[in-house]
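Accompanying notes for the structure given below.
Rule-based calculations on the coordinates, nothing more; no lab input. All of these numbers come straight from a predicted model, not from anything done at the bench. Every residue, glycine as well, gets a Cβ built from its backbone with ideal geometry; the counts of neighbours run over all protein chains shown.
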């Protein structure tokens, strides 16, 4: 995990916390939503992750005229044999970048649901497995909502984490300006892992011990979100399970075989901020910041096990 993070740091500099969360999300077996303004390195980060882990990669630019078949693939008629052959779409890769996911209509967005939930696609009565390990990294702009289709709650809930990169520090930005002409950021990224190792990491993390006291702590946090006066809909059971999976992956960073309350607390906002529905009618960055503020408030009030 440290080797992968080091390679990502070569492509997206000055973001060690976000890089660690990205690798944690990958090892937890989840999907990632990068929500930020254009030009901060979201696409570069996704491509660097695929390169560092030697995963097959496809980038899908979501637009208003994109159809489900453009993602999933289609049956193509083969004239010499008078038969139809399935031609897989770009979704049949190990890491798929869904760029500006919210610019596609709901019909196209929903084509990802089965793939993200079960790692498979149903086409013409057949169920086709996707290559393992399978991960979706989606991006969206939280400010410009013109011509977009907001992601439904059922799809947001499929993302294990939502992260924001933000602009780099001034010194990092100056260094990028002075060195960018010499080489592209992805040129420095090398493959330091592989699909088999990523799958092994996922299996290892899933087997880490989560004590009953820590499990009860996660549930108490979820109940607090459901009972909070400013939250209309709190964390679901899927959110509880997602936070547990992410905490196990984070414990791997520390070379521990057990999860601590600190692991849970560190990943509470990335795992739950996009899953809770606020009572106030705010959108975009304001809603994201408000949800994060409420979750941090809940974390301060709910006592952690010793």
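Taking other Cβ atoms within 10 Å as a rough exposure proxy, 15, 42 sort from fewest to most as 15, 42.
When each of 62, 258 is scored by the number of other beta-carbon atoms lying within 10 Å, the sequence from fewest to most is 258, 62.
Helical content of the chain, expressed as a calculated mean residue ellipticity at 222 nm, amounts to -13500 deg cm²/dmol (DSSP H runs of 4 or more residues, -39,500 (n - 2.57) each, divided by residue number, nearest 500). Using C-alpha pairs below 8 Å separated by at least 6 residues, the relative contact order for the chain is 22 percent. Of 286, 178, the sequence from fewest to most neighbouring Cβ atoms within 10 angstrom is 178, 286. So what's the angle, to the nearest 10 degrees on a 0 to 90 scale, between helix 170-179 and the longest Cα principal axis of the chain? Approximately 30 degrees, to the nearest ten. Compared with the dominant principal axis of the Cα atoms in the chain, helix 195-206 is inclined by about 30°. Using only Cα coordinates, the Kirkwood hydrodynamic radius of region 207-306 works out to 13.7 Å. Once the Cα atoms are used to define both axes, helix 16-27 deviates from the longest principal axis of the chain by about 60 degrees.
Using Cα centres only, tell me the gap between region 1-46 and region 75-99 in whole Å. Centre-to-centre distance over Cα atoms comes out at 29 Å.
DSSP bridge analysis restricted to region 1-206 gives an antiparallel fraction near 35%, rounded to the nearest 5. Multiplying the residue separation of residue 3 and residue 226 by 0.36 nm and subtracting their alpha-carbon distance yields 76.4 nm. Hydrodynamic analysis of the chain uses the Kirkwood radius over alpha carbon pairs. Inserted into Stokes-Einstein at 10 °C and 1.306 mPa s, it gives a translational diffusion coefficient of 78 µm²/s.
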